[in-house]
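The values are calculated or read from the model by the stated rules, or taken from the named source; none is laboratory data. This is a predicted model, so every value here is computed, not measured. Cβ coordinates were reconstructed from backbone atoms using ideal geometry, including for glycine residues, and neighbour counts include every protein chain displayed.
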Amino acid sequence: MVEVDAGRFTVGVFQDIEWASRGVDALKAHGLAVESITILGKASPDLSTFIERQLGAPQTLDVRDLGSVVARGPLVAALQGGDQGLKDLGIAGTMRRVGFQAHDGRIFDTLTARGGVLVAIHSEPRAADALAVLHSYGGGNAAIGAWSGRV
């Protein structure tokens, strides 16, 4: 069994790149470290350009139920860890690793599949700040991964 660190990530899904850009800019303006931010979405040239501008060169991943995605940030490594990762279990199946209930993972997966841009912040001490910014700038279903059970 893998121990889950409660409250380590705060996640929200923006409806498109324009909204995600506002949200990520606001997170940075509120002092959240760039290296704590993850951006993930269905692969497109526009999203790749956005991620590169915000965080650096994205990686392309094959994610169950989503197909090809581009992403960069600490959430990617957390979701890829273990015997089965994003390719096998998808977003819905791996979000429990970072403190979310299964239904949260399904919501994030569905919103991302519809073209949303998932933004996550790895900053437990500032999780409430990150949550407020995500909500204020249109991050749908924004939540703090605080489930302290085991997977």
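Going by the conditions given, is Ala26 over 19 Å from Thr110 (Cα atoms) and out of contact with any Pro (no Cβ under 6 Å at 6 or more places or on another chain)? So Ala26 fits the description; yes.
Select, from Ala146, Ala128, the only residue that is assigned to a loop (DSSP other than H, G, I, E, B) and aliphatic (A, V, I, L, M).
Numbers: Ala128 fails: assigned to a loop (DSSP other than H, G, I, E, B).
The unique qualifying residue is Ala146.
Would you check if Asp46 is farther than 15 Å from Gln15 by Cβ and either touching a residue at least 12 places away in the same chain (Cβ under 8 Å) or crowded, with 20+ Cβ neighbours inside 10 Å (or both)? In short, no.
Gly41 passes every criterion in (1) in contact with a strand residue (DSSP E or B) (Cβ under 6 Å, 6 or more places away or on another chain); (2) touching a residue at least 60 places away in the same chain (Cβ under 8 Å); (3) part of a helix (DSSP H, G or I) apart from (3). Taking first residues from region 1-16 that are more than 17 Å from Gly139 (Cβ to Cβ) and β-branched (Val, Ile, Thr) and partners that are part of a loop (DSSP other than H, G, I, E, B) and modelled with pLDDT of 50 or more, the Cβ contacts under 6 Å between residues at least 6 apart in sequence or on separate chains come to Val4/Gly99.
Looking at Val13, Val2, can you tell me which residue is in contact with a strand residue (DSSP E or B) (Cβ under 7 Å, 6 or more places away or on another chain) and either modelled with pLDDT under 95 or β-branched (Val, Ile, Thr) (or both)? If you could, list the steps in order and put the result at the bottom.
Details: Val2 fails: in contact with a strand residue (DSSP E or B) (Cβ under 7 Å, 6 or more places away or on another chain).
Every option except Val13 fails the conditions.
What are the residues in region 21-73 that are within 18 Å of Asp88 (Cβ to Cβ) and charged (D, E, K, R), if any? Residues satisfying the conditions are Asp62, Arg64, Asp65. Suppose the filter is at pLDDT 90 or above and in contact with a helix residue (DSSP H, G or I) (Cβ under 6 Å, 6 or more places away or on another chain); does Arg106 pass it? The answer is yes for Arg106.
For region 77-106, a residue qualifies if it is part of a helix (DSSP H, G or I), among the hydrophobic types (A, V, I, L, M, F, W, C) and either at positive phi or buried (at least 20 other Cβ atoms within 10 Å of the Cβ) (or both), and the qualifying residues are Ala78, Leu79, Leu86, Leu89, Ile91, Ala92, Met95, Val98. What's the total number of residues in region 105-127 that are among the charged types (D, E, K, R), free of Cβ contacts under 8 Å to residues at least 60 places away in the same chain and over 16 Å from Asp62 (Cα atoms)? The total comes to 2. Just so you know, in region 20-40 the residues that are of a type in the set (Gly, Ala, Ser) and surrounded by 14 or more Cβ atoms within 10 Å (Cβ to Cβ) include one that is farthest from the chain's Cα centre (by Cα), and it is Ala26.
Looking across region 44-59 at every residue that is of a type outside the set (D, E, K, R) and part of a helix (DSSP H, G or I), the one that is nearest to the chain's Cα centre (by Cα) is identified as Ile51.
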